[in-house]
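Novice: Quick one: structure below, then a few questions.
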Amino acid sequence: MKLKTRIHVFTTLLMFIILALVSTGVYFLFAHMTYDRQAEQLLARGEELAVALHKLDPTDDSKSVILAYMPPSGAVWVTGADEKKASVSQLKKFKPETDPDKPYTITKVDGTKALTVSLPYIDRAGGVAAIHVTQLSGDIVHNLSTLRWILIGITAAAMIPVFASSVALGRIVTQPIGRLTRTMRANREGATYEKIDEPDGRDELYEMTLAYNDMMERLGRNYEKQERFVSDASHELKTPITVLESYARLLKRRGFGDEAVANEAVETMLGEAVRMKMLTQQLLDLARSDKPDLYKFEQADVRVLAEEAVRPMRQAYGREFAVEGPEHVLAETDPEKLKQLLFILLDNARKYSDGPVKVTLDDGAGRACISVADYGPGIPEEARPHLFDRFYRVGTDRNRKTGGTGLGLALAKEISIGLGADLTVESVVGMGTVFRVDLPKEREGA
Ligand code: ADP
């Protein structure tokens, strides 16, 4: 069953059951109260009759007294030794039936309901007797029948707006779902990542649309990333693979007889293999860098992390790497990712300069700043906007010599975004370059 039909059926049925129960309750309550009231009136009449009978002389005719107290369209029976079962009745062929457990009994007289009350009575001779007073309940039955039809009419009339509102409710709920399904289908068929228009109002449907649009955006971004990764990888790997292939062919053709050529070939092949390894690793790092669940935030001392990043550089290259600034700078960050970011900046500073490299820490309000400065050739102004683009290199020949891939700063930028930090560059050609990481001390949005 469709959701819309289910909403119709369920709400209509539920409202019908509620209305039917309320109407039935009202009907029976009213009937009960009306019969109770009639019984009370008959009981009062019976009590007055008992008093009047007591006041009678033994010679008086009790029937005329009983007749005076008989209700209209009714009957009175007095059973007792004295009155000798006196009875006066307007009802033909009617004998009272009484139930001592009930305050009154209802029986049918010629198809019409009649209500009888009984009360004990001590007759003039002191014997135990009873008075039964009966009256036809035709008026009550008529009123109850009218009430019944009114309630049925009200229930039926109320079902019309109930049905209309259930149709409207079904439409309100299912329309956005229908829109969502159509968009999803179109996305599947056209392999696109279309979003749907956000509905008015801040309800659950609005939340669902937001969640869907967010999911589409992520899927679209991931798809783009994947496409870019594949095209970047195939494009960038083509050159080293061609170099490897041509040198391998050269070795095959000329053999290892010419030692100089063989050495050059092996040297070049090794260099290209190392470059390919670095390239694939950096590409993989880039592909993974914006996954928030890969970042493990914790309280860390940025000073300690900077020292740890600098130490292997000093050992490997025997160059001067200085760390300056406060002894402790605490921040909530991912220590491993921050170190990876610093490695990239330090490695660039080392590659593109010959002098000392200086890391300066700054403990600000809510932010910690780490700058990596070198005294190299600097970066021309026109190159700066492209520095963080993938595979961008300033002066291809120069960088080829340094063995770079053009991915380092793109990866550094992605990591800085993952850490919630700002990565900026300042450079003066001929003087040097400073890369600055502006890191929040507390995790934003956590
Ligand atoms: P690469 O692998 O070529 O180093 P990067 O993305 O790390 O790639 O850097 C991009 C380019 O930016 C480099 O090719 C280099 O020309 C320039 N660059 C990066 N850091 C520095 C620096 N400290 N001094 C001068 N130029 C730099």
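The values are calculated or read from the model by the stated rules, or taken from the named source; none is laboratory data. Keep in mind that this is a model prediction, so the values were computed, not measured. In this analysis, Cβ positions are derived from the backbone assuming ideal geometry, glycine residues included, and neighbour counts consider all displayed protein chains.
Novice: Go through segment 256-300 residue by residue and tally those that are aliphatic (A, V, I, L, M) and either surrounded by 17 or more Cβ atoms within 10 Å (Cβ to Cβ) or outside any helix (DSSP H, G or I) (or both).
Specialist: 8
Novice: Just one of His142, His132 is closer than 30 Å to Pro71 by Cβ and in a strand (DSSP E or B); which is it? Lay out the reasoning, then the answer.
Specialist: Values: His142 fails: in a strand (DSSP E or B).
None of the other options fit; the residue is His132.
Novice: Next question. Name the helices (runs of 4 or more DSSP H) wholly inside segment 330-446 in which the number of residues that are hydrophobic (A, V, I, L, M, F, W, C) is 1 or more.
Specialist: Ranges flagged: 335-351, 408-419.
Novice: Would you point out which residue out of Glu236, Glu204, Glu227 is surrounded by 12 or more Cβ atoms within 10 Å (Cβ to Cβ) and of a type outside the set (Phe, Trp, Tyr)?
Specialist: Glu236
Novice: Would it be correct to say that Asp422 is modelled with pLDDT of 95 or more, within 8 Å of the ligand (Cβ to nearest atom) and among the charged types (D, E, K, R)?
Specialist: no
Novice: I'm trying to understand the selection: among the residues of segment 307-354, which are polar (S, T, N, Q), crowded, with 18+ Cβ neighbours inside 10 Å and within 16 Å of the ligand (Cβ to nearest atom)?
Specialist: Correct list: Asn348, Ser353.
Novice: Just one of the numbered conditions (1) near the ligand (Cβ under 7 Å from one of its atoms); (2) modelled with pLDDT of 85 or more is not true of Lys441; which one?
Specialist: The failed condition is (1).
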